[in-house]
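Chemist: Would you mind keeping the following structure in view while I ask a few things?
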Amino acid sequence: MDSTTDTIESFVNSEYKYGFVSDIETDSFAPGLNEDVVRRISLKKGEPDFMLDWRLKAFRHWLTMTEPHWPNVHYPPIDYQAYIYYAAAKPRKKLGSLDEVDPELRKTFDKLGISLDEQKRLSGVAVDAILDSASVATTFKEELGRQGIIFCSFNEAVKEHPELVRKYLGTVVPANDNFFAALNSAVFSDGSFCYIPKGVRCPMELSTYFRINTAGAGQFERTLLVADEGSSVSYLEGCTAPMRDTNQLHAAVVELIALEGATIKYSTVQNWYPGDKDGKGGIYNFVTKRGKCAGRHSRISWTQVETGSAITWKYPSVMLLGDDSVGEFYSVALTNHRQQADTGTKMVHAGKNTSSTIVSKGISAGQGNNSYRGQVKILKSAANARNYSQCDSLLLGDRCGAHTFPYIEVRNSTAKVEHEASTSKIGEDQIFYCNQRGIATQDAINMIVNGYCKEVFKHLPMEFAVEAQKLLGVSLEGSVG
Amino acid sequence: MLEIRDLCAGVEGNPILQNLNLRVKAGEVHAIMGPNGSGKSTLAQVLAGRSDYEVTGGSVLFNGADLLAMKPEDRARAGLFLAFQYPVEIPGVNSTSFLKAALNECRKARGQEELDAVEFLALVKEKTKLLDLDPALLSRSVNEGFSGGEKKRNEIFQMAVLEPRLAILDETDSGLDIDALKIVAGGVNKLRRPDNATLVITHYQRLLNYIVPDIVHVLMEGRIVKTGGKELALELEERGYDWLLETAASNGKP
């Protein structure tokens, strides 16, 4: 992985060395954050007043908050005044063809099985008009529109569907929920908005790929997904290609709302730049993700594969308010080299007959430090609640760390809560057995690790599952231990 | 096919194999017998390339190539197969995918085209019949939840699929009842060809009733002290190993 990240780094750096071919207005704000900056952001986006008010309220609250330091991760202090909170779309040098792309980078793309079109898009190669992602997205948007499904950028939704945004924004993650959510609420850049009308089963997997204007995910993404009564949707976020960004802090907020009888499946594959071999320069992925099962018989599933970022700090959670509602969390989190992760979930049971399932698979390699932090909270009102949690850690080598911080709070005696945990390493016997059958050690490790993650991968939509397996293989390169 | 010359090997500084010499030709079945601790399993592990064992002297040629210089997976791809005495479980890794990956590595090394899923499954069907192996076992993880007998049969099944040049059976009979033994031995016999060879490591003569060896060696104190035909095995069954101790002590040769 070292040579690959070096190559990516030099590729990105060279992008800036060549200078810009820019047909975009070049005004970004100066670094710094104050109320004026928040106003200007809102103005630049042409937002209606309610949005500006919301941002300001959040910002004022943020000023009163202090940055939390309780997770099991370490990073140097963040200077919030050093960031640029509004930047014009990133200028990219347009390359003539894929042949001009660094062969090492292409090798990574090939290893991850990324299609040629996607490779072109990711490398900034000019794409044929017919294959332009914008027109592909338009076709899908039309099909979705016929069913009344709204799927657009968050900025667009604020202008075109303000009533929906006003109704649901902040109802799952209020602006004052936590330090990073407050910051995000004040300065969020863009994100996705999705609304599925009553009784509609979204006919395709929604992917951020299909959003027009995907010039790379922003620093402070804001996503809101509402599934009305009896509807269902499967949403995919992220991609397996290593993503680089000059902005180090990524503090996104994702809110999911499932009304009566609705189902939301939210899958994430994340491979943000993890930093160099000393862990310097990697992305900090501090995310607040929460789902609300508002209606009876509603269901929200989170599935995540986190292999990138220098630091991953997120707890996709579900609030089980509706009776008979179901929350699920499936996660594979890998820390290699010097990555750190403190991730897990919170399942809050409030309604009756609610159930939740947690399967967390941590893999630590190199000098990575991986912590699972989970909370299962059964409130007094939650009669007959059920929870099953399984958190497993796999250690590769002897310099990595795995930690588990499970919290279980039960206030109703009819609850049934099960928790299982295991820690293991790949046995030398197992590797030798594979060797003796002709399988090389790195391939053996990949097979065994993929077997370990199977329980989580099977919840990913098919294409993502295949990509995730390859991604794990690439991320584990050089981790033989 | 296999030429072992003055092989010396040990573990954690303790010498186990001491000037072991052995020659195996294509088409032959050799049996290696000996008391506990004589180094039988060590020989198997050293040939397979287990890094725990240190080779301190001697050489091993496998079809003319320097075996000791090869990594374990390369030895396997060159056609060396070890049926483990205690096959390990690999949870989460599907048996069929595992074997397909292994076979394709060997085929690649031989310059053959890899098999796709359909072709591989057809091959599997053919071979499971050979060993009376329940195909349902193959949908499970490698050796997971297999009984002792099933594990041993799985080893021979893998051998049937991989078609090695030299198969080393490390105490394949341990833990097997008579019926399982007959099936395993039957499988091994069906796989015999003039261009492959088998090294059967065993304690007891019983297995050799079913897998009839061409040559029997006795390994004691780290070296081969006696070599003979299949009657030698019967003699050992009757007399035990003690009568050979003198020969071993005086650095005897067959």
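The values are calculated or read from the model by the stated rules, or taken from the named source; none is laboratory data. What you see is a predicted model, and the numbers here were worked out from it, not measured in a lab. Cβ: placed from backbone, ideal geometry, glycine included. Neighbour counts: every protein chain shown.
Conditions tested, residue by residue: (1) without any contact (Cβ under 8 Å) to a residue 60 or more places away in the chain; (2) touching a helix residue (DSSP H, G or I) at 6+ places or on another chain (Cβ under 7 Å).
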position: A:ARG296; (1), (2): yes, no
position: A:ARG299; (1), (2): yes, no
position: A:TRP302; (1), (2): yes, no
position: A:THR307; (1), (2): no, yes
position: A:LYS314; (1), (2): yes, no
position: A:GLY322; (1), (2): no, no
position: A:GLU328; (1), (2): no, no
position: A:LEU334; (1), (2): no, yes
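Chemist: Using the structure shown, decide if A:SER371 is surrounded by 21 or more Cβ atoms within 10 Å (Cβ to Cβ), modelled with pLDDT under 95 and among the polar types (S, T, N, Q). Before the answer, list the steps.
Modeler: On the way: surrounded by 21 or more Cβ atoms within 10 Å (Cβ to Cβ): yes; modelled with pLDDT under 95: yes; among the polar types (S, T, N, Q): yes.
Criteria met by A:SER371.
Chemist: Within the range B:133-142, how many residues turn out to be part of a helix (DSSP H, G or I) and within 14 Å of chain A (Cβ to nearest Cβ)? Spell out the reasoning first.
Modeler: Keep residues of the range B:133-142 that are part of a helix (DSSP H, G or I), which gives B:135-139.
Right, trim to within 14 Å of chain A (Cβ to nearest Cβ) and you get B:139.
The qualifying residues number 1.
Chemist: Give just the number: which of (1) among the hydroxyl-bearing types (Ser, Thr, Tyr); (2) within 10 Å of chain A (Cβ to nearest Cβ); (3) touching a residue at least 60 places away in the same chain (Cβ under 8 Å) does B:THR172 not satisfy?
Modeler: (2)
Chemist: Mind checking whether some residue in the range B:88-101 is touching an Asp or Glu at 6+ places or on another chain (Cβ under 8 Å), more than 30 Å from B:LEU219 (Cα to Cα) and modelled with pLDDT under 90? Can you show your working first?
Modeler: Initial filter on the range B:88-101 (touching an Asp or Glu at 6+ places or on another chain (Cβ under 8 Å)): B:88-91, B:101.
Checking the rest, the ones that are also more than 30 Å from B:LEU219 (Cα to Cα) come to B:90-91, B:101.
Next cut, modelled with pLDDT under 90 only: B:91.
Yes, some residue in the range B:88-101 is touching an Asp or Glu at 6+ places or on another chain (Cβ under 8 Å), more than 30 Å from B:LEU219 (Cα to Cα) and modelled with pLDDT under 90.
Chemist: Still on this structure: Only residues that are among the charged types (D, E, K, R) and either within 14 Å of chain A (Cβ to nearest Cβ) or not in a helix (DSSP H, G or I) (or both): list them for the range B:8-56, please. Reasoning before the result, please.
Modeler: At the first step, the residues of the range B:8-56 found to be among the charged types (D, E, K, R) are B:12, B:23, B:25, B:28, B:40, B:50, B:52, B:54.
B:GLU12, B:ARG23, B:LYS25, B:GLU28, B:ARG50, B:ASP52, B:GLU54 - these are the residues of the range B:8-56 that are among the charged types (D, E, K, R) and either within 14 Å of chain A (Cβ to nearest Cβ) or not in a helix (DSSP H, G or I) (or both).
Chemist: Picking from B:ASN154, B:ASN189, which residue would you name as being within 14 Å of another protein chain (Cβ to nearest Cβ), in contact with a Phe, Trp or Tyr (Cβ under 9 Å, 6 or more places away or on another chain) and part of a helix (DSSP H, G or I)?
Modeler: Details: B:ASN189 fails: within 14 Å of another protein chain (Cβ to nearest Cβ).
Just a single option satisfies the conditions, and that option is B:ASN154.
Chemist: Tell me the residue from A:PHE464, A:PHE457 that is away from chain B (no Cβ under 14 Å) and closer than 30 Å to A:PRO203 by Cβ, please. Outline the logic, then answer.
Modeler: Values: A:PHE457 fails: away from chain B (no Cβ under 14 Å).
Among A:PHE464, A:PHE457, only A:PHE464 is away from chain B (no Cβ under 14 Å) and closer than 30 Å to A:PRO203 by Cβ.
Chemist: Also, I was wondering about something else. Would you mind finding the one in A:ALA444, A:ALA415, A:ALA421 that is buried (at least 17 other Cβ atoms within 10 Å of the Cβ) and either free of Cβ contacts under 8 Å to residues at least 60 places away in the same chain or in contact with a Gly (Cβ under 7 Å, 6 or more places away or on another chain) (or both)?
Modeler: On the way: A:ALA415 fails: either free of Cβ contacts under 8 Å to residues at least 60 places away in the same chain or in contact with a Gly (Cβ under 7 Å, 6 or more places away or on another chain) (or both); A:ALA421 fails: buried (at least 17 other Cβ atoms within 10 Å of the Cβ).
After ruling out the rest, the residue left standing is A:ALA444.
Chemist: Take the residues of the range B:132-151 that are in contact with a Phe, Trp or Tyr (Cβ under 7 Å, 6 or more places away or on another chain) and surrounded by fewer than 21 Cβ atoms within 10 Å (Cβ to Cβ): which is nearest to B:PRO213 (Cα to Cα)? Walk me through how you get there before you give the answer.
Modeler: Residues of the range B:132-151 in contact with a Phe, Trp or Tyr (Cβ under 7 Å, 6 or more places away or on another chain): B:133, B:137, B:142.
Filter once more, so that each one left must be surrounded by fewer than 21 Cβ atoms within 10 Å (Cβ to Cβ): B:133, B:137.
Numbers: B:LEU133: 25, B:LEU137: 30 Å.
The qualifying residue nearest to B:PRO213 (Cα to Cα) is B:LEU133.
Chemist: Additional query: Take the residues in the range B:60-76 that are under 15 Å from the mean Cα position of the chain (by Cα) and among the hydrophobic types (A, V, I, L, M, F, W, C), then tell me which one is nearest to the other protein chains (Cβ to nearest Cβ). If you could, list the steps in order and put the result at the bottom.
Modeler: Step one: of the range B:60-76, the residues under 15 Å from the mean Cα position of the chain (by Cα) are B:62, B:72, B:75-76.
Filter once more, so that each one left must be among the hydrophobic types (A, V, I, L, M, F, W, C): B:62, B:76.
Working: B:PHE62: 14, B:ALA76: 4 Å.
Of everything passing the filter in the range B:60-76, B:ALA76 is nearest to the other protein chains (Cβ to nearest Cβ).
Chemist: Additional query: Would you mind finding the one in B:GLU89, B:GLU54, B:GLU12, B:GLU73 that is of a type in the set (D, E, K, R) and buried (at least 20 other Cβ atoms within 10 Å of the Cβ)?
Modeler: Step by step, each of B:GLU89, B:GLU54, B:GLU12, B:GLU73 is checked, and only B:GLU73 is of a type in the set (D, E, K, R) and buried (at least 20 other Cβ atoms within 10 Å of the Cβ).
Chemist: Hey, another quick one. Can you name every residue in the range A:455-466 that is crowded, with 23+ Cβ neighbours inside 10 Å and either part of a helix (DSSP H, G or I) or touching a Pro at 6+ places or on another chain (Cβ under 9 Å) (or both)?
Modeler: The first filter runs over the range A:455-466 and keeps only residues crowded, with 23+ Cβ neighbours inside 10 Å, leaving A:460, A:464.
Answer for the range A:455-466, where residues must be crowded, with 23+ Cβ neighbours inside 10 Å and either part of a helix (DSSP H, G or I) or touching a Pro at 6+ places or on another chain (Cβ under 9 Å) (or both): just A:PHE464.
Chemist: How about the range B:77-132: which of its residues are in a helix (DSSP H, G or I), more than 12 Å from chain A (Cβ to nearest Cβ) and touching a residue at least 40 places away in the same chain (Cβ under 8 Å)? I'd like the intermediate steps shown before the answer.
Modeler: Restricting attention to the range B:77-132, the residues satisfying the condition of being in a helix (DSSP H, G or I) are B:77, B:95-109, B:117-131.
Applying the additional criterion that residues be more than 12 Å from chain A (Cβ to nearest Cβ) yields B:96, B:117-131.
If the condition is that a residue be in a helix (DSSP H, G or I), more than 12 Å from chain A (Cβ to nearest Cβ) and touching a residue at least 40 places away in the same chain (Cβ under 8 Å), then B:THR96, B:LEU130, B:LEU131 are the ones that fit.
Chemist: I've got another one for you. With the checklist (1) basic (Lys, Arg); (2) surrounded by fewer than 19 Cβ atoms within 10 Å (Cβ to Cβ); (3) in contact (Cβ under 8 Å) with a residue 60 or more places away in the chain in hand, flag the one item B:ARG239 doesn't pass.
Modeler: Checking B:ARG239 against (1) basic (Lys, Arg); (2) surrounded by fewer than 19 Cβ atoms within 10 Å (Cβ to Cβ); (3) in contact (Cβ under 8 Å) with a residue 60 or more places away in the chain, the one that fails is (3).
Chemist: Could you grab me the full set of residues in the range A:55-77 that are surrounded by 15 or more Cβ atoms within 10 Å (Cβ to Cβ) and within 30 Å of A:ASN370 (Cα to Cα)?
Modeler: Selection gives A:TRP62, A:PRO71, A:ASN72, A:VAL73, A:TYR75.
Chemist: Checking the structure you have, find out if any residue of the range A:375-392 is of a type in the set (Phe, Trp, Tyr), within 30 Å of A:LEU183 (Cβ to Cβ) and not in a loop (DSSP other than H, G, I, E, B). Even if it seems obvious, please write down each step before you answer.
Modeler: Within the range A:375-392, the subset of a type in the set (Phe, Trp, Tyr) is A:388.
Right, trim to within 30 Å of A:LEU183 (Cβ to Cβ) and you get none.
Looking through the range A:375-392, none of the residues is of a type in the set (Phe, Trp, Tyr), within 30 Å of A:LEU183 (Cβ to Cβ) and not in a loop (DSSP other than H, G, I, E, B).
Chemist: Another one. Which condition number in (1) more than 20 Å from A:ALA444 (Cβ to Cβ); (2) surrounded by 15 or more Cβ atoms within 10 Å (Cβ to Cβ); (3) modelled with pLDDT under 90 is the one that B:LEU166 fails?
Modeler: Here B:LEU166 meets the rest and fails (3).
Chemist: If you don't mind, another one. Could you say whether any residue in the range B:171-182 is within 25 Å of B:LYS108 (Cβ to Cβ) and aliphatic (A, V, I, L, M)?
Modeler: The first filter runs over the range B:171-182 and keeps only residues within 25 Å of B:LYS108 (Cβ to Cβ), leaving none.
No: zero hits.
Chemist: Right, something else. Can you give me the number of residues within the range A:416-454 that are aliphatic (A, V, I, L, M), in a helix (DSSP H, G or I) and facing another protein chain (nearest Cβ under 8 Å)? Give the steps one after another, and end with the answer.
Modeler: Initial filter on the range A:416-454 (aliphatic (A, V, I, L, M)): A:417, A:421, A:426, A:431, A:439-440, A:444-445, A:447-449.
Add one more test, that the residue is in a helix (DSSP H, G or I), and what stays is A:431, A:444-445, A:447-449.
Next, from what is left, pick out any that are facing another protein chain (nearest Cβ under 8 Å): A:447-448.
The number of residues fulfilling the criteria is 2.
Chemist: Let me ask something else about it. Restricting to the range A:244-283, and then to whatever is touching an Asp or Glu at 6+ places or on another chain (Cβ under 6 Å) and at pLDDT below 95, can you tell me which residue is farthest from A:PHE188 (Cα to Cα)?
Modeler: Filtering the range A:244-283 for residues that are touching an Asp or Glu at 6+ places or on another chain (Cβ under 6 Å) and at pLDDT below 95, the one farthest from A:PHE188 (Cα to Cα) comes out as A:LYS277.
Chemist: Go through the range A:193-223 and give me each residue that's touching a helix residue (DSSP H, G or I) at 6+ places or on another chain (Cβ under 6 Å) and modelled with pLDDT of 85 or more. I'd like the intermediate steps shown before the answer.
Modeler: Going through the range A:193-223, the residues touching a helix residue (DSSP H, G or I) at 6+ places or on another chain (Cβ under 6 Å) turn out to be A:193, A:195, A:210, A:212, A:220, A:222.
A:PHE193, A:TYR195, A:PHE220, A:ARG222, listed by residue number.
Chemist: Quick check, is A:LYS361 over 22 Å from A:LEU259 (Cβ atoms), charged (D, E, K, R) and assigned to a strand (DSSP E or B)? Break it down into steps so the answer makes sense when it comes.
Modeler: Details: over 22 Å from A:LEU259 (Cβ atoms): yes; charged (D, E, K, R): yes; assigned to a strand (DSSP E or B): yes.
In short, yes.
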